[in-house]
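Shown next, in structure tokens, is the structure this report addresses.
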Amino acid sequence: MFKNFDWSVKSIAKVIGIVILGIIALTVVISLISFSIKTIFGVTSYRSDSDYYGNDYAMEEAAFFGKGGGGVVAMSSSYMPPIPEPGYSTGSDAEDYEVKEYYGTIKTRKLDETCEMIYELKAKDYIIFESSNKDKEYCNYSFKVEKQYGDEIVALIESLDPESFNASIQSIKGTIEGMDDELDILTKKLESVEETLEEAQDAYDEITVLATRQNDAETLAKIIDSKLNLIEKLTNERLSIKERIDRYNNSKSEQLDRLNYTFFNINVYKDLIFDWEDIKDSWKYETKQLVNNVNEVFQGISLHLATYLVRFVQVVLYLFISVFLLKFVWTGVKYAWRGKKRK
């Protein structure tokens with residue numbers, strides 16, 4: 001073949017063109033075959049479609065609430081001053097600033113009775129409930145007790161035979177000292193701003209009087225504009241500092257108020273060996289699963305089978321066209337290669 005080949009520029013260009021066209025045709029045929037295979041094996045079920053739309057909805061919901069949550073966090077951080085983290089506390093009276101918290105978990109067969117016993121503590125004047133939740137499977141309560149009655153409530157919780165009941169003791173003196181430091185800095189800053197504001201007002205008043213006497217309208221306008229801008233800036237700064245001082249004072253008062261109470265966080269769970277409600281729910285769940293499985297089987301042998309057959313016919317048609325095109329291209333290549341010799 002190579003001995004009889006015409007090595008002229010025209011023949012070489014012709015061969016290159018045929019090779020390029022052959023590669024293009026082969027690429028198209030391979031793409032059609034690949035598409036056909038993907039189509040025949042790409043049969044989707046109702047469950048996968050449900051999962052897709054479910055995930056899509058979950059993503060939109062997460063994006064929506066994530067955006068809202070970010071707004072709430074941003075608003076909260078701008079509203080409340082940061083509370084200094086507990087650190088080293090000076091002196092030897094750190095124990096005078098101790099806050100005690102108890103965390104308990106109770107498992108019982110008499111859920112309603114146990115929850116009611118704890119909830120009845122709300123009627124006592126020296127106990128303040130901060131949160132309470134109750135469901136058919138559990139209940140949890142968060143409350144604070146005046147310090148002198150703390151041991152009484154501890155004894156009551158221990159009488160309920162808790163699975164776990166732990167005490168956490170922490171001194172908040174370092175936090176209080178950190179707030180005092182912040183308040184001291186803000187107070188000095190406020191004094192400096194007020195002093196600067198007063199001096200600026202006096203200086204501008206003097207310059208305004210001087211410019212008025214000299215009938216210098218342009219200078220007077222510039223002075224008034226500059227005066228208003230500076231006074232507005234310093235006034236806003238003073239208001240901002242006062243607001244932060246008030247918030248730190250409120251936070252400090254809240255922290256000091258904790259010293260008067262003992263805090264409790266109690267969780268109660270139902271613990272039954274034979275929980276007929278759970279057994280009934282489990283049977284209901286398994287029955288639903290059975291119905292879903294039967295439904296999937298009938299869909300598989302009816303709708304999904306029909307879809308498969310339709311797609312199978314589509315794939316057969318694609319394969320037939322692909323083979324026809326491949327044969328046509330191959331015939332054309334042979335004709336172009338041997339055409340001159342036959343001629």
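Among ILE157, ILE223, which is the only one that is assigned to a helix (DSSP H, G or I), free of Cβ contacts under 8 Å to residues at least 40 places away in the same chain and surrounded by 12 or more Cβ atoms within 10 Å (Cβ to Cβ)?
Values: ILE157 fails: free of Cβ contacts under 8 Å to residues at least 40 places away in the same chain.
None of the other options fit; the residue is ILE223.
For segment 245-299, what are the residues that are outside any helix (DSSP H, G or I) and modelled with pLDDT under 85? Correct list: ASP271, LEU272, ILE273, PHE274, ASP275.
For SER131, the requirement of being farther than 20 Å from GLU158 by Cα and in a strand (DSSP E or B) is met. Mind listing just one residue for me: the one in segment 94-123 that is surrounded by 15 or more Cβ atoms within 10 Å (Cβ to Cβ) and among the charged types (D, E, K, R) and, of those, farthest from TYR269 (Cα to Cα)? By that ranking, first place goes to LYS100. Only a single criterion out of (1) surrounded by fewer than 16 Cβ atoms within 10 Å (Cβ to Cβ); (2) at pLDDT 90 or above is not satisfied by GLY150, namely (1).
The values are calculated or read from the model by the stated rules, or taken from the named source; none is laboratory data. Computed from a predicted model, the values in this text were never measured in an experiment. Note: ideal-geometry Cβ built from the backbone for every residue, glycine included; neighbour counts use all protein chains shown.
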